[in-house]
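Heads up, the thing below is written out as structure tokens.
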Amino acid sequence: LEEWERYERLIALLCSEEYSDTDTTVIPNAKIMGAVSGVLRQVDVLIDRRFDERRDRRIVVDAKRHARPLDVKDVEEFEGMLRDCAASKGILVCPNGFTPAAKRRATDFIDIRIVALDELDSLDLAAWDDCSSDGCLKRKSRGLVLWDSPSSALTPSGATSVFCVGKCDRCSNFHLWCWDCGKKFALGDEDEHQCCGEGGRDWFWLTAIEEEDDGARAVYLLLTGLRDVLLIERKPAR
Ligand SMILES: [Zn+2]
Ligand SMILES: [Zn+2]
């Protein structure tokens, strides 16, 4: 793997460790329709609300591969991207520092963080799951799954069910890791999968594309088979 691909994955992992929680999802290599430009923007890491489309917590993370320190121009370009992505905040990550002017230009909306390349030594990509979706199987370099922290749902009988949701960092497909039956599987954007099926439990995992209030399309991941349909997570549709 190219060092740069490893670096992007390290940044995604660091973001996931820092931000993924019950209300927040961390999406590697997201594509967002630009609100101003009307073209698809590639986002290294998107941190967004897990359950609804409000943008007030949306953070866009961009890793800059420059061998030189970041300068004012890098920050201004990033600021334009934040506006296009309707983000409330941005994080610029770079391995080689930034100029004092870049820091001043960043103001309150942009954090500049240095993550040194030698931190890659601690990254063990062998421990990451390969994407198992059909689309990725055809690629030369298959995507890896970035798992969120575990979530849980109450079953009708009052028991707690635990699972992890992941996203592929190439094709962006949802992945599910059901801790009740131990199965891991991928879901396309309009897809369904059943698991468990023992002890009176049937989990039906379902994905559907929905149009949100601002006209952007999102993929919703739902869990059915409970009394109510449970919204598990959402991500921008590609
Ligand atoms: Zn994939
Ligand atoms: Zn299961």
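The values are calculated or read from the model by the stated rules, or taken from the named source; none is laboratory data. Computed from a predicted structure; not experimentally measured. In this analysis, Cβ positions are derived from the backbone assuming ideal geometry, glycine residues included, and neighbour counts consider all displayed protein chains. What goes into the accessible areas is simple: the full protein's heavy atoms, side chains included, and nothing from ligands, DNA or RNA. Shrake-Rupley method; radii C 1.70, N 1.55, O 1.52, S 1.80 Å.
Could you tell me whether Ser122 is farther than 30 Å from Gly80 by Cβ, over 17 Å from the mean Cα position of the chain (by Cα) and within 16 Å of ligand 2 (Cβ to nearest atom)? Give the steps one after another, and end with the answer.
Values: farther than 30 Å from Gly80 by Cβ: yes; over 17 Å from the mean Cα position of the chain (by Cα): yes; within 16 Å of ligand 2 (Cβ to nearest atom): no.
So Ser122 does not fit the description; no.
Residues are listed down the side, and each one gets a yes or a no for (1) open to solvent by less than 50 Å² (accessible area, probe 1.4 Å); (2) under 19 Å from Ala116 (Cα atoms):
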{"position": "Glu2", "(1), (2)": "no, yes"}
{"position": "Lys31", "(1), (2)": "no, no"}
{"position": "Val39", "(1), (2)": "no, no"}
{"position": "Val43", "(1), (2)": "yes, no"}
{"position": "Arg65", "(1), (2)": "no, yes"}
{"position": "Leu70", "(1), (2)": "yes, yes"}
{"position": "Lys73", "(1), (2)": "no, no"}
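From the residues in the stretch 137-147 that are touching a residue at least 12 places away in the same chain (Cβ under 8 Å) and over 17 Å from the mean Cα position of the chain (by Cα), which one is farthest from ligand 1 (Cβ to nearest atom)? Walk me through it before giving the result.
Quick first cut of the stretch 137-147, residues touching a residue at least 12 places away in the same chain (Cβ under 8 Å) only: 139, 141-147.
From the residues that got through so far, the ones that are over 17 Å from the mean Cα position of the chain (by Cα) too are 139, 141.
On the way: Arg139: 8, Ser141: 10 Å.
Only one residue tops the list, namely Ser141.
Once the stretch 87-110 is narrowed to residues that are closer than 22 Å to Ala35 by Cα and in contact with a Lys or Arg (Cβ under 9 Å, 6 or more places away or on another chain), the residue that is most open to solvent (accessible area, probe 1.4 Å) is Asp108. Looking only at the stretch 121-136, residues that are in a loop (DSSP other than H, G, I, E, B) and within 14 Å of ligand 1 (Cβ to nearest atom) come to 5 in all. Selection within the stretch 214-236: residues that are basic (Lys, Arg) and within 15 Å of Leu176 (Cα to Cα). The member of this set that is nearest to the chain's Cα centre (by Cα) is Lys235. Any residue that is within 16 Å of ligand 2 (Cβ to nearest atom), among the aromatic types (Phe, Trp, Tyr), surrounded by 17 or more Cβ atoms within 10 Å (Cβ to Cβ) and in a strand (DSSP E or B) - is there at least one of those in the stretch 139-160? Checking the stretch 139-160: at least one residue is within 16 Å of ligand 2 (Cβ to nearest atom), among the aromatic types (Phe, Trp, Tyr), surrounded by 17 or more Cβ atoms within 10 Å (Cβ to Cβ) and in a strand (DSSP E or B).
Rundown of residues vs (1) at pLDDT below 95; (2) hydroxyl-bearing (Ser, Thr, Tyr); (3) closer than 27 Å to Ser152 by Cα, yes/no style:
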residue: Ile11; (1), (2), (3): no, no, yes
residue: Cys15; (1), (2), (3): no, no, yes
residue: Met33; (1), (2), (3): yes, no, no
residue: Gln42; (1), (2), (3): no, no, no
residue: Leu46; (1), (2), (3): no, no, yes
residue: Glu53; (1), (2), (3): yes, no, yes
residue: Asp56; (1), (2), (3): yes, no, yes
residue: Ala63; (1), (2), (3): no, no, no
residue: Leu82; (1), (2), (3): no, no, no
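How many residues are surrounded by fewer than 21 Cβ atoms within 10 Å (Cβ to Cβ), more than 14 Å from ligand 2 (Cβ to nearest atom) and small (Gly, Ala, Ser) if we restrict to the stretch 167-225? Here the count works out to 5.
Picking from Arg41, Arg57, Arg65, which residue would you name as being assigned to a loop (DSSP other than H, G, I, E, B), within 25 Å of Asp189 (Cα to Cα), in contact (Cβ under 8 Å) with a residue 12 or more places away in the chain and of a type in the set (D, E, K, R)? Quick ask: steps written out before the conclusion?
On the way: Arg41 fails: assigned to a loop (DSSP other than H, G, I, E, B); Arg65 fails: within 25 Å of Asp189 (Cα to Cα).
So the residue among Arg41, Arg57, Arg65 that is assigned to a loop (DSSP other than H, G, I, E, B), within 25 Å of Asp189 (Cα to Cα), in contact (Cβ under 8 Å) with a residue 12 or more places away in the chain and of a type in the set (D, E, K, R) is Arg57.
Under the condition of being touching a Ser or Thr at 6+ places or on another chain (Cβ under 8 Å) and more than 14 Å from Pro236 (Cα to Cα), the residues counted in the stretch 17-57 number 5.
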